[in-house]
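The values are calculated or read from the model by the stated rules, or taken from the named source; none is laboratory data. Predicted model only: the values in this text are computed from it and were never measured. So basically every Cβ, Gly included, is an ideal-geometry build from the backbone, and we count neighbours across all protein chains shown. Only protein heavy atoms, including side chains, enter the accessible area calculation; ligands, DNA and RNA are left aside. Shrake-Rupley method; radii C 1.70, N 1.55, O 1.52, S 1.80 Å.
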Amino acid sequence: MDLLFYALVVQIASIIVIASVRNNHKASAAAHLLLTAGLVLGLSSSFPALVFSNSSSLNFSSLLNPANIFRFDSLGLFFLNIIQLVAIPTTIYSHSYLRHYIDEGKSVTSNFIFFVLMIVSTQVVVIANHAILFLICWEVMSTTAYLGILFEKEKRDVQTGSFYYLAVSHVAVFLLYIFFFLLHQQTNSWLMSDFHNLQNTGSLFILLYTLGLTAFGIKSGFMPFHFWLPRAHPIAPTIFSAFLSGIIIKMGIYGIFRTYQFFNYAPEWLGWLVLGISLISAIFGVWYALAQHDIKRLLAYHSVENIGIIGIGIGVGFIGSAYNSLPIQILGFGGALLHTLNHAIFKTLLFIGSGVIYQNLGTRNIESMGGLVHRSRYFFILFLIGSIAISGLPPFNGFISEFIIFNGFFTTAKELKNYYPLLMIISAVGLAFVGGLAVACFTKINSIMFLGTERKEIKKFHISNYEYLSLSILAFFCVLIGVYPQPFIGIVNKVLNNGFVTANHSSELLNINWLFISIIFIALLAAIILIFFLKRLIQKKYGKRISAPWGCGYEGLNYRMQYTASSYADELNEIPKSILVYHKKVQSPKGIFPAKGSFESHSVDLIDSKILLPAFRSMSKLICRIKFLSYTDIRYYIAFILITITIYSVIAFLWN
Amino acid sequence: MELTTFVRGIISLLVVLGFAPLFAGLVNKLKAIFTGRLGAPVLQPYSDLKRLFRKETINANSSSFISVISPTINLVAVVIAAAMLPIGFERPLISFEGDIILFAYILGLARFFQILAAMDIGSSFEGMGASREAAFAVFAEPIFFFTLGSIAFISGLTSIYEIYHSIRLDNVTYIVFIIVCSISVFILAVTECSRMPVDDPKTHLELTMIHEVMILDNSGVDLFLYQYSSHIKLFIYAILETSFFYPFGIRSYTVAIVIFVVVITALSISLAIVETITSRFKMKSIPHYLLFATAIGILNLLIYTFTV
């Protein structure tokens, strides 16, 4: 595994390159090349480690790994692979993304440095064994992401949105400090590998579990902690929003898995709590997404939805753990792990796609797009693959993981009997409902953005080969995992066997008839192509032509008469009045010679506006009360710090 | 899979594909009779399909490749869904643990592309239909899971074939179940196949339709594919309904065929009656209608809780 260490060194070396070479274009190209090489090198060391070796045989040589501060178990390696797999296309895209800014004369050096540090620290987070190393890397990861978001810091919404992100990250980290310090106090060790089997912590058990899950849950964006996602994602540079949504929120999921691993047991109420919160996150995440017009904001809400789906899997796994039922645990956790991988892939694809559009059109508002398919068909196909995958439709990867989670529901009902079938039906209906809403949402954005005719004149629409390459890599994996899931299922199964459950290899995950599903999907794709060509032959015989669309005899159809995103989603947005506050301001044209009419709509996130913001406001009011202590002179503050430290030391001294 | 099972599965699928337009023709004929008209012959859908097949295809000038591939994807997805349904007591062509999920989601794929193809034209008419289709589908999905899904959860079986096999007509709980489920499936069929009172397939007003308005700009072989897949879709729901009534213990072709014909006829009569005596709902009240069906599905759960 020393190779991985060198890979990280190569990645960091790209910072030196970009900082030392004078010519901006060359520096950026070389640095990106080096970073990509480092990531490929890393993947080539971590992928075989995950697939071929046993967890025990892996390690850095003792020189690099004093006192076991790193560890390479299957869970960490699984996430390491996801990070590297997603970081490679993001880096490739980053090259063409940053080139635009270099052309504008903006310096991208600092932004690139933050990007590299973020990638490297995220990789170290999942292999860190020492709690302090974990916390340091976690901080570096959060802070560099924050600094990256600040790229266009002169904009007002960038300042506020990034502050939300910073504040939330710090709350999460604060809870993590308490969590790890308590764990250290319990086990007398800083190593995560020593934290295992903590069932017998007595009264601290619930406290520890809630602390861990809350801290990591905040990071992943479960409701009601989701509010930072739709604020931070739209304003972040695309490379950062792609990585934030694809990877960094998954670090919360990683943490939740680790927390579970420490205790290796979950009480039943916790399973229900996680399942309930996740269902709510999934349903409302997608419902709020449907009302958005800002493409990145919409995708951010979809991250909440997908984190919810992952959480549903974890919840099912927890219930299985409470009843000590292996099949339930395997299907629940397995579905969650695979969906983590899948979501990382298609969400990065969609974010990069939206970034490409933003760069070309200069807007994130989908209402002013349209007809992009006539500019670049191939780009639309790639975006469409991601959209079908995220909607959980066959034959792409989103379906596979949702299928496993559905199987988890079925197995829970079958194994536990009693009132469980009832509760599982309700969960399954919830997940099906989410699927239906996701279809509505992604047909909306695909059709409004890409189909029909252009709503606003497009001056140029250029997609570079790097952008195509990075999108194609991600789309390839969407298709591959969908059509040929067996190897990926095998990997997930291995992670579960080596970390959570002691199952033999004939586990429930492998018992699903994957071969049959692959055959059906391949037959599906083959039949579509076959009938497509048959249709061509028929059309050759009976004729085919192009004509204007039907307009009830009206000839002057124009782009303004197309259905808009608001009108498309109106049917659904009208329904949940109590949950989704959806404001419409209509000024209809009046009179025989109507003057201008107008229509305006915007939605308000209820959890956000009714619960969180008032809470923050009253909190800041409270804090303002102690503002009499604020001075302009820094020496006062130094004095306060000294006094505080003295008080702490005295208490610590007396305590011992 | 054994060869004979495979061949039999193929034959069942061919039965579905062959008889699907006949069922639509039957419903239309009955409806005409009930409203006091002579009506088109029962075999009219076949002639319609043949006519469409030979027509010239016209694509809108604002449309893209989505309009070209969507009809094919629609047909293939619907045929695969049809291949999962048991005809009589025969094992269907596609049958594996969890195929009930694939069934629901593959129809979702067909819907996804149908909506995209409608929006592809860039006209408000299609947009209206697409918007309604997307909205009502969201409410139709839970109905499916509350009916067939609830039997799956309770019996612990996840393959449609086995779910139907597990139904025992000598058990009172199951009889109540079947009655409740067949009502839900009926409502589901009405919604998904755009029949009255949710949608009116025969109207000419673009503003009031769902399915028909989505394919307004299609013609020739494209329209042929759409029409044929919507015939198959209607027949799929008819089979979902009939399969509740097989006594699976008896493996006799005569009994199976008799039951099949009887239930299909009864179903087409009830569809025709509903279409005759009701008018189309206001668009705003359709979600209520669907929630009503969901509530019936929840009845299933209550029955279950009281009997266990």
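For segment A:404-425, does any single residue satisfy the condition of being more than 26 Å from the chain's Cα centre (by Cα), basic (Lys, Arg) and on the phi > 0 side of the Ramachandran plot?
Yes: segment A:404-425 contains one or more residues that are more than 26 Å from the chain's Cα centre (by Cα), basic (Lys, Arg) and on the phi > 0 side of the Ramachandran plot.
Of all residues in segment A:382-394, which are surrounded by 24 or more Cβ atoms within 10 Å (Cβ to Cβ) and facing chain B (nearest Cβ under 9 Å)?
Hits for segment A:382-394 are A:387, A:388, A:391, A:392, A:393, A:394.
Please state which of the following conditions residue A:319 fails to meet, knowing it meets all the rest: (1) under 18 Å from residue A:276 (Cβ atoms); (2) open to solvent by 10 Å² or more (accessible area, probe 1.4 Å); (3) of a type outside the set (Lys, Arg).
(2)
Is one or more of the residues making up segment B:73-90 within 7 Å of chain A (Cβ to nearest Cβ), over 15 Å from the mean Cα position of the chain (by Cα) and either assigned to a helix (DSSP H, G or I) or acidic (Asp, Glu) (or both)?
Yes: one or more hits.
Could you tell me how many of the residues in segment A:260-289 are buried (at least 23 other Cβ atoms within 10 Å of the Cβ) and of a type in the set (S, T, N, Q)?
2
Does segment B:98-114 hold any residues that are more than 7 Å from chain A (Cβ to nearest Cβ) and either over 16 Å from residue A:517 (Cα atoms) or polar (S, T, N, Q) (or both), and which are they?
B:110, B:113, B:114
Would you be able to tell me the number of residues in segment A:258-306 that are aromatic (Phe, Trp, Tyr) and under 18 Å from the mean Cα position of the chain (by Cα)?
The number of residues fulfilling the criteria is 4.
Just give me the residues in segment A:96-120 being part of a helix (DSSP H, G or I) and open to solvent by 10 Å² or more (accessible area, probe 1.4 Å), in sequence order.
A:99, A:100, A:101, A:102, A:103, A:109, A:110, A:113, A:114, A:117, A:120
Please specify each residue of segment A:440-487 satisfying the condition of being open to solvent by 10 Å² or more (accessible area, probe 1.4 Å) and β-branched (Val, Ile, Thr).
Once the filter is applied, which keeps residues that are open to solvent by 10 Å² or more (accessible area, probe 1.4 Å) and β-branched (Val, Ile, Thr), segment A:440-487 yields A:453, A:458, A:463, A:473, A:479, A:483.
Confirm whether residue B:157 is within 11 Å of chain A (Cβ to nearest Cβ) and open to solvent by less than 20 Å² (accessible area, probe 1.4 Å).
Taking the combined requirement at face value, the residue does not satisfy it.
Filter segment B:115-126 down to residues that are in contact with a helix residue (DSSP H, G or I) (Cβ under 6 Å, 6 or more places away or on another chain) and either more than 8 Å from chain A (Cβ to nearest Cβ) or buried (at least 24 other Cβ atoms within 10 Å of the Cβ) (or both), then give me how many there are.
Residues flagged as in contact with a helix residue (DSSP H, G or I) (Cβ under 6 Å, 6 or more places away or on another chain) and either more than 8 Å from chain A (Cβ to nearest Cβ) or buried (at least 24 other Cβ atoms within 10 Å of the Cβ) (or both) within segment B:115-126 amount to 7.
Determine if segment B:88-104 includes at least one residue that is more than 21 Å from residue A:394 (Cα to Cα) and of a type outside the set (D, E, K, R).
yes
Just give me the residues in segment B:282-308 being open to solvent by 40 Å² or more (accessible area, probe 1.4 Å) and either more than 14 Å from every other protein chain (Cβ to nearest Cβ) or of a type in the set (A, V, I, L, M) (or both), in sequence order.
B:291, B:292, B:295, B:298, B:299, B:302, B:308
Can you confirm whether segment A:400-422 contains a residue that is open to solvent by 10 Å² or more (accessible area, probe 1.4 Å), more than 8 Å from chain B (Cβ to nearest Cβ) and of a type in the set (A, V, I, L, M, F, W, C)?
The answer is yes, given that some residue of segment A:400-422 is open to solvent by 10 Å² or more (accessible area, probe 1.4 Å), more than 8 Å from chain B (Cβ to nearest Cβ) and of a type in the set (A, V, I, L, M, F, W, C).
Just to verify a result, which residue in segment A:214-236, among those that are touching a Lys or Arg at 6+ places or on another chain (Cβ under 9 Å) and not in a helix (DSSP H, G or I), is least open to solvent (accessible area, probe 1.4 Å)?
Looking at residues that are touching a Lys or Arg at 6+ places or on another chain (Cβ under 9 Å) and not in a helix (DSSP H, G or I), I get A:236.
Please determine, by comparing only the residues of segment A:584-599 that are surrounded by 10 or more Cβ atoms within 10 Å (Cβ to Cβ) and out of contact with any helix residue (DSSP H, G or I) (no Cβ under 9 Å at 6 or more places or on another chain), which one is farthest from residue A:569 (Cα to Cα).
Looking at residues that are surrounded by 10 or more Cβ atoms within 10 Å (Cβ to Cβ) and out of contact with any helix residue (DSSP H, G or I) (no Cβ under 9 Å at 6 or more places or on another chain), I get A:589.
Looking at (1) modelled with pLDDT of 90 or more; (2) closer than 25 Å to residue A:604 by Cα; (3) not basic (Lys, Arg), which is the only condition residue A:287 fails?
Here residue A:287 clears every test but (1).
Against the conditions (1) crowded, with 16+ Cβ neighbours inside 10 Å; (2) among the polar types (S, T, N, Q); (3) farther than 22 Å from residue B:15 by Cβ, where does residue B:243 fall short? Just the number, please.
(3)
Could we say that residue A:265 is closer than 30 Å to residue A:88 by Cβ and of a type in the set (Ser, Thr, Tyr) here?
It is false that residue A:265 is closer than 30 Å to residue A:88 by Cβ and of a type in the set (Ser, Thr, Tyr).
Take the residues of segment A:500-515 that are in a helix (DSSP H, G or I) and within 19 Å of residue A:405 (Cβ to Cβ): which is modelled with the lowest pLDDT?
Here the residue is A:508.
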